[in-house]
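The block underneath contains the structure these notes are about, expressed in structure tokens.
The values are calculated or read from the model by the stated rules, or taken from the named source; none is laboratory data. Model, not experiment: these values are computed from the prediction. For neighbour counting, all protein chains shown are included, and Cβ atoms are generated from backbone atoms with ideal geometry for every residue, glycine included.
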């Protein structure tokens, strides 16, 4: 299969790319589309045969559920059966964060094929905040299933070039919408009834942080040690090993943890690139990639994470060594990705 790259660099090309993408989606094909988080591999969410092509193109196991994107926030109620005891909180979150990088795990309606949800009674839903994706899903007129447009377990792509690096020859079309603004997959939450406040359980940390959510309920994190190895996770991104470059990666907790092996070549993924943090002078690194140069800002680090990991992955090295980042805000999502990419799982 030859993979076509559709451009959106001017309005004429954009219209043609949107038309091409919608035509393919309507015919039951898969298309890589830009979102504000990472590029997604899209198919008509109501067409099980089309959704099967997502799993095939990604080599994704069928026990790992997919995220469904809706054209408008009101479409949530067409595919989800929202219980009365959490409906107020669902409405508040949707009104506040949609369109945006927040995914809600809610009970599904039968219209969503079991293949999309790995046979689970819940579906992960969000409304994307990317103008190209929005125009495509609006023209399609229905929900789109779209996990990240990568090979299963590998780095999530934040540009069309990175999609092609993994999926060229596997899918018919990649719509190039430029670099993704957020750079990290959406935050996934499940809402539970609680007294006096509802409980907002973060299943996968992402750009929408605990601080953003806390005014809507009591925010708790699902224990990262509860990640599963080979059985159906409750939501995407819950597997113990994920988001991994081809080169081995090791996440350190302190500089003294790094002891180089003779003859091996190492690259450093640094948080802010400052000598006082103790990592830069620890070794004669082949390459140093800095997530947030200077003062260190976790939001900037999140945007650059997958891009820089992709660059390091192309080097002639034996291992990528990653510095820790602050365990707060978006930093929790970065650490989640680095832990799952690590050779230690």
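Quick notes
- Strands (runs of 3 or more DSSP E) completely within the range 1-81 that count 2 or more residues being at pLDDT 95 or above and either out of contact with any strand residue (DSSP E or B) (no Cβ under 6 Å at 6 or more places or on another chain) or exposed (fewer than 15 other Cβ atoms within 10 Å of the Cβ) (or both): none
- Test set (1) without any contact (Cβ under 8 Å) to a residue 12 or more places away in the chain; (2) within 17 Å of the chain's Cα centre (by Cα) - residue 69 fails condition number: (1)
- Qualifying positions in the range 122-131 - surrounded by fewer than 20 Cβ atoms within 10 Å (Cβ to Cβ) and part of a loop (DSSP other than H, G, I, E, B): 129
- On the stretch given as the range 95-121, residues that are under 25 Å from residue 196 (Cβ atoms) and surrounded by fewer than 21 Cβ atoms within 10 Å (Cβ to Cβ) total 3.
- Residues satisfying the stated conditions in the range 323-345, i.e. buried (at least 18 other Cβ atoms within 10 Å of the Cβ) and over 22 Å from residue 209 (Cα atoms): 342
- The set of residues from the range 145-159 being surrounded by 24 or more Cβ atoms within 10 Å (Cβ to Cβ) and not in a loop (DSSP other than H, G, I, E, B) comprises 145, 148.
- Among the residues listed as 255, 245, 260, 293, the single one being within 22 Å of residue 159 (Cβ to Cβ), surrounded by fewer than 16 Cβ atoms within 10 Å (Cβ to Cβ) and touching a helix residue (DSSP H, G or I) at 6+ places or on another chain (Cβ under 9 Å): 293
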